[in-house]
Structures are given as structure tokens and as C-alpha cells.
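The values are calculated or read from the model by the stated rules, or taken from the named source; none is laboratory data. Since we're looking at a predicted model, the values are computed, not measured. All Cβ positions, even for glycine, are placed from backbone atoms using ideal geometry, and neighbour counts span all protein chains on display.
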Amino acid sequence: MTSRFQHATLPNGLTIVAEVDPSAHTAAAGYFVKTGARDEDPSVMGVSHFLEHMMFKGTHDLSADDVNRAFDDRGAKNNAYTTNEMTCFYAHCLPEHLPTINQLLGRMLRPALRESDFDTEKGVILEEIAMYRDNPFWVLYEESVERYYTGHGLGQRVLGTTRTITDLSRDQMLAYFSSRYSPDNMAVALAGRLDFEAQVARIESLCGGWKPTGATRDPVAPAPARGDFTIREAKVGRSYMIAMAPGPSIRDERRYAAALLAQILGASDNSRLHWSLIETGIAEEAQASFDAHDGAGEYMIYASGDPGRAGEILDHVLTELDRLIESITPDDLERLRNKFTTAATLGGERPHDRMHRLGRLWLSLGEYRPLEQELDRINAVTLDELRAVAEAFPIRPMMIGRLLPAAEPGGD
């Protein structure tokens with residue numbers, strides 16, 4: 001690849017990182033804020049996601065229509081997202097429009113937070129929460145994560161709850177924004193064909209006056225829960241299962257082996273769960289994943305199917321877990337390496353994907369890792385490493401959650 005890493009830090013602590021590629025046909029920019037659901041007080045749960053929406057409502061001198069039109073007029077693809085750990089605002093455009101787009105993103109991050117916009121958008125958020133309540137997977141997922149990380153910020157719901165959003169005030173949002181959306185708690189990531197020095201100068205002219213706040217994150221690691229629970233709902237017609245178990249954190253090098261192990265167990269095709277449950281017709285969905293966070297990580301297994309076969313589905317999951325390590329062959333490992341390498345390489349050809357990778361890594365690790373280095377590390381994972389991570393972070397015992405149809409009268 002022809003990209004070159006460049007880095008600058010403004011006096012107020014705002015970090016700007018870039019992978020500059022003169023041969024690219026596009027450019028991308030993203031403002032990454034190290035704040036998410038885990039950083040919220042429980043009383044304002046959901047404020048990070050709500051605030052993400054408010055960024056598109058305009059500034060003191062730009063209306064919401066002005067913001068949307070400015071992106072659209074330049075053909076930019078823009079959006080935002082909020083997770084438990086970060087919030088990102090980004091755009092992908094032709095290189096000649098990057099200076100304007102970059103400036104627009106920066107201006108968005110100092111929103112007006114008008115009371116009228118806040119009241120209107122609150123209704124939108126409440127509708128979104130209601131919509132997800134109609135999604136059985138999401139109902140079980142939120143309940144599972146909340147129970148698994150009981151008492152820790154990682155267990156908080158990104159959308160919040162009907163009560164926390166209803167009770168949230170504009171002044172509480174402003175206080176959260178003022179403490180977390182500070183330059184020393186953010187990073188700007190750029191990728192593609194761009195003039196780095198010129199972009200840094202433009203960002204500094206816009207953001208150089210932002211005041212640092214010393215925002216931090218609670219470093220206490222969570223204590224994951226065990227045990228089983230069951231939810232029954234009348235409107236549910238299938239059975240759903242989520243199982244969770246601890247894994248390596250984002251700073252743990254064993255995360256590479258954990259990611260491969262999860263894919264061998266439950267990738268969407270040609271995995272142990274796929275052949276055991278999907279190809280046999282026992283389950284409708286069956287997959288496994290691994291996610292690494294700041295200070296923690298977890299494996300998650302998900303399956304759904306006929307309520308009458310819920311026990312059979314779980315038995316198959318447990319059987320595949322019990323024989324997972326002994327069943328792995330060098331061919332399994334080589335196939336997974338090739339899939340990861342292909343996906344990463346394809347993403348590396350798009351400035352949009354490279355910008356997101358760069359921003360997430362910098363916010364999580366505070367360092368730069370070239371894609372080639374990441375690929376080399378994935379390709380270096382051995383069977384012994386898979387065995388070692390499975391021993392250090394056994395996927396059993398797990399916390400198992402189930403969502404089932406309401407019990408028949410006289411049933412359990």
C-alpha cells in the first residue's frame with residue numbers, strides 16, 4: 001500500500017492522525033469522541049446517543065437544513081454512530097471537498113442544543129427505543145448485556161430506557177457535552193488523498209480554541225456475571241438464546257487468537273455452529289462473535305429456532321464448545337487467516353474504511369498500527385495460541401439468557 005501515516009497534536013490536546021495516500025480517488029474524515037454509554041451516569045443513560053442526534057440539528061449559525069444541504073451539495077456520504085465506548089461523526093467525499101467537509105464536521109461538534117430541537121428529537125429517540133422493543137434479538141441482547149455487566153458502565157443501554165430519556169433534560173445533556181466533548185478526549189482521523197498540513201491548519205483554526213476538561217474513564221474492570229435467566233413474552237413466536245463469557249480486552253494481544261476462535265466456532269458460514277445447527281435444520285440462526293473493549297472483552301453466542309427445540313439447540317452449542325479446541329485443524333486456521341486477510345485488504349483499499357480503523361485504534365490504544373502489521377499478527381496466530389486463549393478465557397461456564405413465547409396456561 002502507498003499510504004503514509006502522519007500525526008499532530010494541537011496545544012489543547014486534540015489529536016489528528018492520517019493515512020495519506022496520493023493515489024486514492026477519495027478522502028474521508030472522522031471525529032472520534034471517547035465517550036459512550038459506559039461513561040454515562042445511570043440517571044442519564046442514553047445521553048451519548050441522544051447527543052449524537054442533536055449534532056445534526058445545527059449550530060448557533062447553521063440550521064439542520066444547512067448542515068444536511070452542505071453535505072449533500074458536495075456529494076458526501078456522512079453519518080454518525082454511538083457505542084458503549086465511543087461516538088463518531090464522519091464523512092467520505094471527493095478529495096477537493098475534504099477541506100469544506102472537514103470544517104463542517106468540526107462545526108457540528110459545537111451544536112446549539114436548542115430546547116425546541118431537544119424536545120422534538122426526544123420523541124424520535126423514544127420511537128427508536130419502542131422500535132427495538134419489537135426486535136426479539138435486541139430485547140434479549142440488551143437484557144443479556146445489562147445482566148452480564150451488572151453494575152458496570154459496559155452494561156448500560158446505548159439507547160437508554162424509556163424512563164431515562166423521558167426524564168432527561170436539555171441542561172443535563174449540556175453538562176454531559178461540556179465535560180466529555182473536549183479536545184483532550186477526542187481524535188480526528190483522516191484517510192485518502194489529502195494535504196495533511198493544510199488539514200491540520202484548518203482543524204486548528206476551527207477547534208484550537210476548544211478547552212480541555214481532563215475527561216477520564218472509570219478504569220475499574222467489570223466482574224462478569226454467570227447463571228441463566230429466561231424472559232417470556234406473548235408476542236414472541238420463536239426461541240432465542242444468547243450466551244456470554246469473558247475474553248481478552250482491546251489491549252491484550254490474545255485478542256487476535258480470540259477473534260479467530262470465535263469465527264471457527266460461529267462464523268456465518270463454514271463454522272462449527274453453522275454445520276451443526278443451520279445445515280441440519282435444527283436452528284434458524286446460529287453464530288458466535290468476539291468483541292474487545294477497554295478493560296474487558298466477551299464472547300457471545302446467539303441462536304434462534306423452534307421453541308420446541310430450544311433445549312436441543314443449547315445441547316448442540318455446548319457440544320461444539322466442548323470439542324472446539326480438539327477439533328481445530330491447521331486447515332481451519334489457514335482458511336480463517338485468508339478470510340481475515342482478504343476482508344482487511346479490501347477495506348484497506350477504501351479511505352472510508354481506513355479512516356474508521358485508524359480512528360478506532362487510536363482512540364482505543366493511543367497508537368498507530370499499520371494494516372500490514374495487523375495482518376502479519378493475524379497470520380502469525382498458531383494453534384498453540386488458540387489453545388492458550390481458550391485455556392485463559394474458557395467459554396464455559398457462561399451466562400445464558402433465553403427469550404421464549406409466553407407459557408401456555410398450566411405450563412412452566
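Couple of notes before you dig in:
- Residue list for the range 63-83, filter: over 29 Å from Arg193 (Cα atoms) and either β-branched (Val, Ile, Thr) or not assigned by TED's automatic domain parsing to the domain that holds Thr164 (or both): none
- Test: residue in the range 327-336 that is crowded, with 17+ Cβ neighbours inside 10 Å, over 28 Å from the mean Cα position of the chain (by Cα) and in the same structural domain as Glu284 (by TED's automatic domain parsing): yes
Yes or no, residue by residue, for (1) buried (at least 20 other Cβ atoms within 10 Å of the Cβ); (2) without any contact (Cβ under 8 Å) to a residue 60 or more places away in the chain; (3) outside any helix (DSSP H, G or I):
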{"position": "Leu346", "(1), (2), (3)": "no, yes, no"}
{"position": "Arg354", "(1), (2), (3)": "yes, no, no"}
{"position": "Gly359", "(1), (2), (3)": "yes, no, no"}
{"position": "Ser364", "(1), (2), (3)": "no, no, no"}
{"position": "Tyr368", "(1), (2), (3)": "no, no, yes"}
{"position": "Val381", "(1), (2), (3)": "yes, no, yes"}
{"position": "Arg387", "(1), (2), (3)": "no, no, no"}
{"position": "Glu391", "(1), (2), (3)": "no, yes, no"}
{"position": "Leu403", "(1), (2), (3)": "yes, no, yes"}
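- Cross-chain or 6+ apart pairs with Cβ under 7 Å, the range 211-223 first and part of a loop (DSSP other than H, G, I, E, B), then among the aliphatic types (A, V, I, L, M): Ala221/Ala296; Pro222/Leu154; Pro222/Ala296
- Against the conditions (1) under 19 Å from the mean Cα position of the chain (by Cα); (2) more than 14 Å from Ile395 (Cα to Cα), Leu277 satisfies every one except (1).
- Residues considered: Arg337, Arg357, Arg387. Of these, the only one that is out of contact with any Lys or Arg (no Cβ under 7 Å at 6 or more places or on another chain), farther than 28 Å from Val145 by Cα and among the basic types (Lys, Arg) is Arg337.
- Taking the listed residues His97, His49, His53, His60, the one that is surrounded by fewer than 22 Cβ atoms within 10 Å (Cβ to Cβ), outside any strand (DSSP E or B), under 23 Å from the mean Cα position of the chain (by Cα) and in the same structural domain as Arg170 (by TED's automatic domain parsing) is His53, with no other qualifying.
- Yes/no for Ile301 being assigned to a helix (DSSP H, G or I) and either buried (at least 16 other Cβ atoms within 10 Å of the Cβ) or without any contact (Cβ under 8 Å) to a residue 40 or more places away in the chain (or both): no
- Breaking point among (1) assigned to a strand (DSSP E or B); (2) touching a residue at least 24 places away in the same chain (Cβ under 8 Å), for Asn79: (2)
- Residue in the range 106-122 that is assigned to a helix (DSSP H, G or I), under 27 Å from Leu363 (Cα atoms) and among the charged types (D, E, K, R) present: yes
- Residues (more than 17 Å from the chain's Cα centre (by Cα), in a loop (DSSP other than H, G, I, E, B) and of a type outside the set (S, T, N, Q)) located in the range 124-151: Arg133, Asp134, Gly151
- Unique match (being in a strand (DSSP E or B) and either of a type in the set (Gly, Ala, Ser) or out of contact with any strand residue (DSSP E or B) (no Cβ under 6 Å at 6 or more places or on another chain) (or both)) among Ala24, Ala8, Ala70: Ala8
- Residue satisfying all of: in the range 71-87; touching a Lys or Arg at 6+ places or on another chain (Cβ under 9 Å) and of a type outside the set (Ser, Thr, Tyr); farthest from Gly297 (Cα to Cα) among these: Phe71
- Some residue of the range 255-271 being part of a strand (DSSP E or B) and buried (at least 21 other Cβ atoms within 10 Å of the Cβ): no
- Residues located in the range 145-185, provided they are of a type in the set (Asp, Glu) and free of Cβ contacts under 8 Å to residues at least 12 places away in the same chain: Glu146, Asp171
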